[in-house]
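Encoded as structure tokens, the structure appears first; notes follow it.
The values are calculated or read from the model by the stated rules, or taken from the named source; none is laboratory data. Not measured: the values here are computed from a predicted model. Every residue, glycine among them, receives a Cβ derived from its backbone with ideal geometry; neighbour counts consider all protein chains shown. With ligands, DNA and RNA removed, areas are computed over all heavy atoms of the protein, side chains included. Shrake-Rupley method; radii C 1.70, N 1.55, O 1.52, S 1.80 Å.
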Amino acid sequence: MINAIPLKRRVLRILTGRQTYQEVSDKCWTLCPSESAPSPPAIYLDGELDKVSAVQENTSHDYQMEKIRGKRAEHAPTLAYRIRNAHVLDGYVYKGAMKHPLVATKESLFSLGGTDYIPKAAITCTLYGNHFFGHWMRDDLTLTLAAQQFAEAITVARKLYTHEPEYRHLYGIQARSFTRVQCDELIVIDDFGQNQFKRERYELLRSRLKVLEPLHSSYGVMIRRGISGVQRLLTNEAEVEQFLMTRGFTIIDPERMSATEIVRRILGAKIVVGTEGSHMVHGIFPMANHGTILTLQPPYRFNNVFKDYTDSLDMHYAFVVGKPAPDGFTIALEDLARTLDKIETLTG
């Protein structure tokens, strides 16, 4: 069956031009104002930046340099928008000439099922959160905490991440998923800034894990990346793991563990190490207060998204840049050792 809503939007777009959900909303209110906050520099060795040959495809070299050098950061406000008579269809929000994507898949003009009805709902997912596990953990779970105070929390139907159901249980956060739904009122929240409201929700998630008992006391953990996601192969991973074990680190493999076991093995760790990527998000909420995230960076894909979260949580962020190798990159053990020493010196 042809879906009339996307077709109608295309006609209206020709007549009125493109519109955003902010423009078609009939009410906007501030949940948290914008703010400025200090941003400490990342911890890294002299000469590390000379190894960087390229940055991740969705960012820029200048932005990454500004982020790791710190000083002050400007954090966007958290704003809520009410849209009347909205539809959420196959991962897209529609209202008049507006189309807002929540998935990376192409818009569909055909419908294979019926449309559910909810009088008042709030969107609890984001485009990146529906594509990257790390963004789902950091951004979509905290978004749900904000959205559920206004209306029924809903998300778009998609394939679940491996640990998603168990993490939802651990954090006590649920949202009903829909393929197609019509709402008299739909709340959409701009929640990009690492402002005070966001920090409060991060801390709430961290507090909900404290009911669990650590499996053992650990100075630090290394999280294996595994084979999921964009390949960033650390070719001397076994060598790095052996070295870290001599420094008191525990090695964990999320692909072989439940979410509960992952959390219990990381709880209280002062340093969390791993190749840069979404799997590192396992460490953000269970690790110790004022702990350090240490990312091992491919020189051809430099990216420091976790610094936003360590800044917000009053933690520390460090990195070591590797060297190119066939099919991946390597990390020099001497560089890793010196970086760990520097972390200990600077953070106590």
Cα-based Kirkwood hydrodynamic radius, the chain, one decimal, Å: 21.6
Average accessible surface area per residue within the chain, 1.4 Å rolling probe, Å²: 46
Net charge of neighbours whose Cβ lies under 13 Å from the Cβ of Glu241, counting Lys and Arg as +1 and Asp and Glu as -1: 0
Virtual spin-label span in nm between Glu241 and Lys106, 7 Å along Cα→Cβ: 4.1
Subset of Lys27/Lys99; Lys159/Lys307; Lys99/Lys198 violating a 23 Å alpha-carbon distance limit: Lys159/Lys307; Lys99/Lys198
Sequence-separation-based contact order of the chain, relative, with Cα cut under 8 Å and 6+ spacing, percent: 20
Unit charges on C-beta of K, R, D, E only; dipole of the range 1-92, Debye: 720
Charge dipole (the range 1-99, unit charges on Cβ, about Cα centre) - positive-most of Leu79, Leu15, Ser39: Leu15
Under 5 Å, built H, 5+ apart or other chain: amide partners of Val321: Gln297
Carbon plus sulfur fraction of accessible area for the chain, probe 1.4 Å, in percent: 53
Rounded to the nearest 20 debye, dipole of the range 99-217 from Cβ charges on Lys, Arg, Asp, Glu: 200
Total formal charge among the other residues, if their Cβ is under 9 angstrom from that of Lys95, Lys/Arg +1 and Asp/Glu -1: +3
For the chain, built as a Gaussian network whose Cα springs stay under 10 Å, the top-fluctuating residue of Phe306, Phe329, Phe133: Phe329
Farthest toward positive dipole pole in the chain [+1 Lys/Arg, -1 Asp/Glu at C-beta], among Tyr94, His316, His216: Tyr94
Part-to-part distance (alpha-carbon centres) for the range 196-224 and the range 76-140, which is given in Å: 29
Label-point gap, in nm, between Asp62 and Gln22 - each point 7 angstrom along Cα→Cβ: 2.1
The chain - charge dipole about Cα centre, Lys and Arg +1 at Cβ, Asp and Glu -1, debye rounded to 20: 1000
Among Ala259, Val281, Gly291 the positive-end extreme of the charge dipole of the range 247-333 (Cβ point charges): Gly291
Reachable aspartates and glutamates, given that their alpha-carbon falls under 18 Å from the alpha-carbon of Lys71 and they are not under 8 places away in the same chain: Glu35, Asp62, Asp308, Asp311, Asp314
Computed lengthening from Arg338 to Lys8, 0.36 nm per intervening residue step minus Cα-Cα distance: 112.7 nm
Sequence ranges 316-328, 69-81, ranked by mean other-Cβ count within 10 angstrom, highest first: 316-328, 69-81
Estimated vicinal HN-Hα couplings, Hz - the range 167-178 in sequence order (Karplus 6.51, -1.76, 1.60; Gly, Pro = x): 5, 4, 5, 4, 8, x, 10, 10, 8, 6, 9, 9
Sparse-neighbour loop sites [GluC sites (Glu not before Pro); the range 250-348; at most 11 other C-beta within 10 Å; DSSP]: none
The range 4-17 - phi-based ³J(HN,Hα) in whole Hz, Karplus 6.51/-1.76/1.60, Gly and Pro as x: 6, 4, x, 5, 4, 4, 5, 5, 5, 5, 5, 7, 10, x
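Report the local net charge at Glu261: Lys and Arg +1, Asp and Glu -1, summed over other residues whose C-beta lies under 13 Å from its C-beta.
My count for the surroundings of Glu261 gives -1.
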Hz values of 3J(HN,Hα) by residue in the range 288-302 - Karplus curve (6.51, -1.76, 1.60), Gly and Pro given as x: 5, 4, 6, x, 10, 9, 10, 9, 9, 9, x, x, 9, 8, 5
